[in-house]
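A quick write-up on the structure given underneath.
The values are calculated or read from the model by the stated rules, or taken from the named source; none is laboratory data. Since this is a predicted model, take the numbers as computed values, not measurements. Heads up, the Cβs are rebuilt from the backbone with ideal geometry, glycines too, and the neighbour counts pull from every protein chain shown. Note: accessible area is taken over every heavy atom of the protein model, side chains too, but ligands, DNA and RNA are not part of it. Shrake-Rupley method; radii C 1.70, N 1.55, O 1.52, S 1.80 Å.
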Amino acid sequence: MDPIDKIKTDRAEARKLSDPNADTCFLALADKNGQASVRTLVLREIGDRHFVLFLNRTSPKWKLLEAGAGYELLIWYPSRQRQYRVQGSLVELDSSIVNVNWLRRPQGSKYLDYVYQEMAPQSSKLNNRQQLVEEVQRLKQVYKIDEMHAPTAVGGVQLVASRIEMLDLNRDDRIHDRQLFTFADGQWAAQVLVP
Ligand SMILES: Cc1cc2nc3c(=O)[nH]c(=O)nc-3n(C[C@H](O)[C@H](O)[C@H](O)COP(=O)(O)O)c2cc1C
């Protein structure tokens, strides 16, 4: 069984069920000292074997990834009662792909990317919220939304999966199903685990 097909099917079902997690995932990172951090991200696309995320290069998570942090992506669809933990290798997306996709971002997110570029890196400290509000107002005066393009710091990655662990709580017999899928020699192999 291809676990990515399963995730795609679950995601489609989750969308139909208005699952608030249908379009998101959670990226956990561990720095070289073992300090963990986790954040919600929009799961932009699921390919044959990969998961696409958009991140800003000014952010702490990007710096952590550049520094070789450990990572795992978690997907949890409450409406389907299924959790997936994904590991693999990260590949940076070509800027042409990022730039085209960026144009479809909501207005607020576009201005925030300009904030990171022109005012301060993502996640940096501000004296107060008013500073941010004024900067967004200034940017709105300077840049018309239809003429904006992705700043150079906008980045994207695809996580090419080689290990996916599924936990399925949605079983008729009420006994959870946990399976580890590993990709080798062009195919997925499944191993049942104690849930
Ligand atoms: C529903 C939701 C979706 C989000 N999507 C993204 C996203 O696609 N990319 C992103 O960089 N941050 C996204 N965020 C914000 C991140 O969770 C995080 O707060 C931010 O990226 C800063 O992370 P960092 O300080 O660890 O780098 C999202 C947050 C929520 C609640």
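Keeping all protein chains in place, calculate the accessible area per residue for the chain (probe 1.4 angstrom), answer in Å².
57
Sorted by average packing, counted as other Cβ atoms within 10 angstrom per residue and highest first, what order do 45-56, 94-105 take?
Result, highest mean Cβ count within 10 Å first: 45-56, 94-105.
Report the FRET efficiency, 1/(1 + (r/R0)^6), for residue 174 and residue 131, where r is their Cβ-Cβ distance and R0 is 45 Å, rounded to 0.05.
Working from the Cβ atoms, E equals 0.30.
Which percent of the accessible heavy-atom area of region 107-148 goes to carbon and sulfur, probe 1.4 angstrom?
Summing carbon and sulfur atoms, their accessible area is 44 percent of the total for region 107-148.
Give the relative contact order (percent, whole number) for region 92-187; include only Cα pairs under 8 Å separated by 6+ residues.
Relative contact order here is 31 percent.
By average Cβ neighbour count within 10 Å, what is the ranking of 12-25, 64-77 from highest down?
Those peptides, ordered most packed to least, come out 64-77, 12-25.
If you average 1/r over every pair of different alpha-carbon atoms in the chain and take one over that average, what Kirkwood value in Å do you get?
18.5
Would you mind telling me the share, in percent, of accessible area of region 1-79 contributed by carbon and sulfur at probe 1.4 angstrom?
The nonpolar share, carbon plus sulfur, comes to 53 percent.
Quick one: compute a quarter of the convex hull surface over the Cα atoms of region 1-115 and quote it in nm².
With the hull built on Cα positions only, its mean projection is 8.2 nm².
How many angstrom separate the Cα center of region 8-55 from the Cα center of region 137-195?
Region 8-55 and region 137-195 have Cα centres separated by 4 Å.
Need one number for region 107-148: average projected area of the convex hull over its C-alpha atoms, nm².
2.8
Using Cα pairs closer than 8 Å and at least 6 residues apart in sequence, work out the relative contact order for the chain, in percent.
24
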